[in-house]
Amino acid sequence: MNIASFILGRNRAQSELTGTLLMVAVTIVAGATVAVFALGVFDGGETTPQSDFDFEFQPDTTEVRVTFTQGDSIEGDQLRFSGAAVEKTSFGGITEWSGSELSAGASATVAVTPDETLRVVWQSDDGESTAILATYDVPDEGPTASIENVFASGDPPGGNGLVRATITFDNAESVFVRVTDTTASGRTSTAQTLTNSGERLTFDLGAPQVVEGEDITITVYRGNSVDGPVLAQRTVPADDN
């Protein structure tokens, strides 16, 4: 037997075995690392909760209502808002959720900056790890309104003026509509709150009567009074109809 060949063959076999064992070890470590990131397992074995949240933008107040709908149990003190949030950005600072475990339907309201992303952030018990549970892109659209299909009637002497118009609006829970006429006897007006967009309204201006050619102005305000910002305004002459 060639002793040199025997020794070389034995060393080669040992090298191949060692290489195989190293590959197996690397594969096991890599698999464990992937599992940590995929399952969200951090120090102490804590797992990132799998949870769903709903978001509702409230343009009248520039706030977002965040509602926990379903998922793993979460302590409210382990959550905070970030990104578009201008408040409740510290863990335990979401007052509606602080000190309790979230249940389905639990909601919190947060003031936000439009056209930015709102995030719900979770922190592990030991404070060593965090994760983003949900995100929401806050719209950059403010409330809008339009005035269409205006009909203004100048009734005969002794009658009352009728004004009809279709009011549409977006990104507002309600609008306040005021109709005004400037007459020789002074200024008269009527108003009402509208909660359904696209509704056709009829206004009775009452005495003094509206005369043909007088200007009728329709103004739409955001909210429930003239204190809100003006969203739309239109002036038309009254016809002798």
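Loosely packed, with under 13 Cβ neighbours inside 10 Å and either modelled with pLDDT of 95 or more or not in a strand (DSSP E or B) (or both) - does that describe any residue in region 76-85? For region 76-85, residues loosely packed, with under 13 Cβ neighbours inside 10 Å and either modelled with pLDDT of 95 or more or not in a strand (DSSP E or B) (or both): absent. Looking only at residues that are modelled with pLDDT of 95 or more and among the β-branched types (Val, Ile, Thr) in region 111-129, which one is surrounded by the most Cβ atoms within 10 Å (Cβ to Cβ)? The extreme case among them is Val120.
One residue stands out among those in region 131-143 that are in a strand (DSSP E or B) and either within 13 Å of the chain's Cα centre (by Cα) or aromatic (Phe, Trp, Tyr) (or both): the one that is nearest to Phe169 (Cα to Cα), which is Asp137.
Tallying residues that are in a loop (DSSP other than H, G, I, E, B) and either over 20 Å from Thr67 (Cβ atoms) or in contact (Cβ under 8 Å) with a residue 24 or more places away in the chain (or both) within region 98-130 yields 16. Could you tell me whether Ser153 is buried (at least 16 other Cβ atoms within 10 Å of the Cβ) and at pLDDT below 85? Yes: the conditions hold for Ser153. Take the conditions modelled with pLDDT under 90, hydrophobic (A, V, I, L, M, F, W, C), outside any strand (DSSP E or B) and over 30 Å from Phe57 (Cα atoms) and apply them to Val236. Does it pass? No; evaluated as a whole, the condition is false for this residue.
The values are calculated or read from the model by the stated rules, or taken from the named source; none is laboratory data. Keep in mind it's a predicted model, so treat the numbers as computed, not measured. Note that we place each Cβ from the backbone using ideal geometry, even for glycine, and neighbour counts take in every protein chain shown.
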